[in-house]
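Nothing in this text is a laboratory measurement; each read-out follows from the coordinates by a stated rule. Everything numeric in this text was worked out from a predicted model, so none of it was measured. Heads up, the Cβs are rebuilt from the backbone with ideal geometry, glycines too, and the neighbour counts pull from every protein chain shown.
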Amino acid sequence: MITFGKGNLRIPKWSKRVFMVAGGCTPFRKYYPEYKLEELVMMAYKMMLEENNLKLSPLEIKDSINFAVYGEFADHFQDQLLCEAKIHDYLGLDPLYNVGIKTGGATGGASVLMGAQAIASGYANCCLVAGWERMDEVDTRTGNFYISTAACKDFETRMGRIYSSYYAPMANRFAWAYDLNDSVRAKIAIKNRHYATMNPNAQQPGDHTEEEVLKSRMSAYPLRFLECCAMTAGAASVLLCDEEMAYKLSDHPVEVFIAGGTHTLRVADRRPMDIPLLPNEKPGMYKEFLAKNPRWPGFESFLAARFAAYLTYRMAGIQEPIEELDLVELHDAFTISDVQTYGDIGLRPYGQEVDYVTSGDAYFGGKCPSNLSGGLLGTMHAVGATGIWQSAECLWQVQNKYDQFHGDAKWWKRAGKKKPKNWTSLQVKDAKQALWVSHAGVGSHVTVGILRKAW
Amino acid sequence: MAENYEKAIKTKYIGKPLTLHDEKPAWVVDSPRAMSHIHTYGLLTPFFQGLTQGKLMATKCTNPKCPHPSVWLPPRADCPDCYERMKWVKVPSQGTIYTFTLVDYAGIGVEMKTPYWQIDVAIKGVDTIFKGYLESGKPEIGMKVKAKFRTENPTHTILDVCWVPA
Ligand SMILES: [Zn+2]
């Protein structure tokens, strides 16, 4: 729809408050022959149970769980239908009900949303949310093709058979409309891949120069290989609770707000419409902007992300995102998708997205740093796990546990790596509130979640 | 058939053994796949037929009560705004490039030789943008292009139309 009825814009309201208390993940790799999928999920799940300073023992927490939500992007990759049943059994959680969630790249965020709904409704008071993807059972180009079947198979898939070729036209249009140059995109790749060097679980960490990024192999013009995320094998999990259970399990629970938006699978089908305004935006402020770029959201922006932010900010009472959020984790599957989102979630007004990076706000030490985890570019994109892992990284920041989960030598050892000598903490001082974006397709499904310190 | 339920039988393995892809650190087996799907174009069949006849067929909502009557290319049979069945209309075979990319590294099975220019075309009177590829030339935003149809030896896919500079 391009105009809304009153009911369409209703702000979600939990019946009960929702909290997150723990997170876990595997190290992320391109190829994981050592472990079967269920063994990887067990690794993430046990880390969640054992390493988050919870006040009950792992088996007591197991005894407390009463619902599970599982995220998996593509049966193509797992080559196994009903993976959820295998995993759930492997975690010893039968006969508690579980559901599988499948919304492309936003699967992880949607899984947290569904788990939150189970808590908010009272169906459950302790809910496991876990996700996975094993993209290592096919060669890379077959993997590229599988992912491209998340473009429209009748009208788009044949035009590239690789997802970068659906983002690259957006990059060229964005550059034309808003004066985005190669250098800014390269800076994002450099920043996120650098932050990944501090993350023991990162698949493709690295300190790169702008020249290296811009001279790396072209995937689809203007997007180079170093501007594209990894294909990953790995898993992640978080634990959601109602208020009573949250404080029983943890002295440091965080409150969860999350909502989603959607838009057409094909970018090209997006008809121009009015911009739904965020709480910090004033009616009429986009008059000049729309005179120049009348086709909003066009190829430049994501209505799904804007709509999700529209709802979540109002759910959480956020007035001025850049001032109130201490950090964000964005869906940097490609450098361009990262840039596009800055306007959608109001880190900058539309048309001024680039300034979020060039001003320094996006960096550690800046006003609202993004992707200190290393993001999808540097750390992982095991698709069904991604939005769950992002939320765990946000949780640890708000709990002041960045060092506990990134600096402790045991995690580097678990990943089969040595902790780098130049390791430095990326803990945001006094972080109280973090946002994460989980994003599918070329913006077909997006969730925006906020975690807020609750102790 | 009934007989087999009552007799002891000996079962023979008739599969093809898997080869070991890796032996360390764990056994990894090769698991080859070859399969074919069928796929219907359903109510969009006139669009794909149209390509083989040298025309671009879009759908148009003609319901006078529709809140946002639009012309759709890619077509869709039912209007998402008023839920009425739409009408087929022929749209111009010319347009301007809205955006583009050069596909250099493509996924497996790609049917055009890489690199090639993929383009998104804005067509007058059409409310959506239409993705395709540029058969010759170099694209820029705003450049005029015209459709070229594969009326001989059609592929029966969206690749039966491409674009050339106008
Ligand atoms: Zn209509």
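Some notes on this structure:
- Centre separation in Å (Cα based) which lies between segment A:96-132 and segment A:182-211: 31
- Listing A:132, B:27, A:176 from fewest to most neighbouring C-beta atoms within 10 Å gives B:27, A:176, A:132.
- For chain A: rounded, prolate or oblate by the Cα gyration tensor [a/c cutoff 1.5]: rounded
- Gyration tensor (alpha-carbon) shape descriptor, segment B:42-165, a/c threshold 1.5: prolate
- Sorted fewest first by neighbouring Cβ atoms within 10 angstrom, A:93, B:56, A:290 come out as A:290, A:93, B:56.
- Only the Cβ atoms of Lys and Arg (+1) and of Asp and Glu (-1) were treated as charged; on that basis the dipole of segment A:57-107 about its Cα centre amounts to roughly 120 debye.
- Average beta carbon contacts from partner chains per residue of A:167-176, 10 Å cutoff: 5
- Estimated purely from DSSP H runs of n ≥ 4, each contributing -39500 (n - 2.57), the mean residue ellipticity at 222 nm for chain B is -2000 deg cm²/dmol once divided by its residues.
- Fully extending the segment from residue A:424 to residue A:225, taken as 0.36 nm per residue of separation minus the present Cα-Cα distance, adds 69.0 nm.
- In chain A, the calculated helix contribution to ellipticity at 222 nm averages -10500 deg cm²/dmol per residue, counting -39,500 (n - 2.57) for every DSSP H run with n ≥ 4.
- J(HN,Hα) series, segment B:149-166, from Karplus relation 6.51 cos²θ - 1.76 cosθ + 1.60, nearest Hz, glycine and proline x: 10, 9, 7, 9, 6, x, 8, 6, 9, 4, 6, 6, 10, 9, 10, 9, x, 8
- Across chain A, the mean sequence separation of Cα contacts (distance under 8 Å, 6 or more residues apart), normalised by length, yields a relative contact order of 26 percent.
- Relative contact order of chain B, pairs being alpha-carbon contacts under 8 Å that are 6 or more residues apart, as %: 18
- If you take the Cα centroid of segment A:400-429 and the Cα centroid of segment B:148-166, the two points sit 55 Å apart.
- Gyration tensor verdict on segment A:165-315 (Cα atoms; rounded if a/c is under 1.5, prolate if a/b is larger than b/c, oblate otherwise): oblate
- Qualifying chymotrypsin sites (Phe, Trp or Tyr not before Pro) for segment B:68-135 [loop in DSSP, other Cβ within 10 Å: at most 10]: B:83
- For residues of A:29-37, the mean tally of beta carbons on other chains within 10 Å: 2
- FRET efficiency for the residue B:36 to residue A:86 pair, using the beta carbon distance and R₀ = 25 Å, is estimated at 0.35.
- Exposure proxy ranking, count of Cβ atoms within 10 Å, fewest first, for A:373, A:250, B:136: B:136, A:250, A:373
- For residue B:121, the residues 5 or more places off, or on other chains, whose built amide H falls under 5 Å of its own are B:98, B:130, B:131, B:132.
- Computed from the alpha carbon positions, the gyration tensor of segment A:57-132 leads to an equivalent ellipsoid with semi-axes of 21, 16, 9 Å, biggest first.
- Residue-wise HN-Hα coupling along segment A:166-172, computed from phi with Karplus coefficients 6.51, -1.76, 1.60 (Hz; x: Gly, Pro): 9, 8, 4, x, 5, 4, 5
- Among beta bridges identified by DSSP and lying wholly in chain A, the antiparallel ones come to about 75 percent.
- Counting only other chain Cβ atoms within 10 Å of each residue's Cβ, the peptide B:157-165 averages 2.
- Projecting the Cα atoms of A:260, A:183, A:238 onto the charge dipole of segment A:178-287 (Cβ charges, centred on the Cα centre) puts A:183 farthest toward the positive pole.
- Between residue A:100 and A:70, the built amide H atoms are under 5 Å apart, and every one of these is 5 or more places off in sequence or on another chain.
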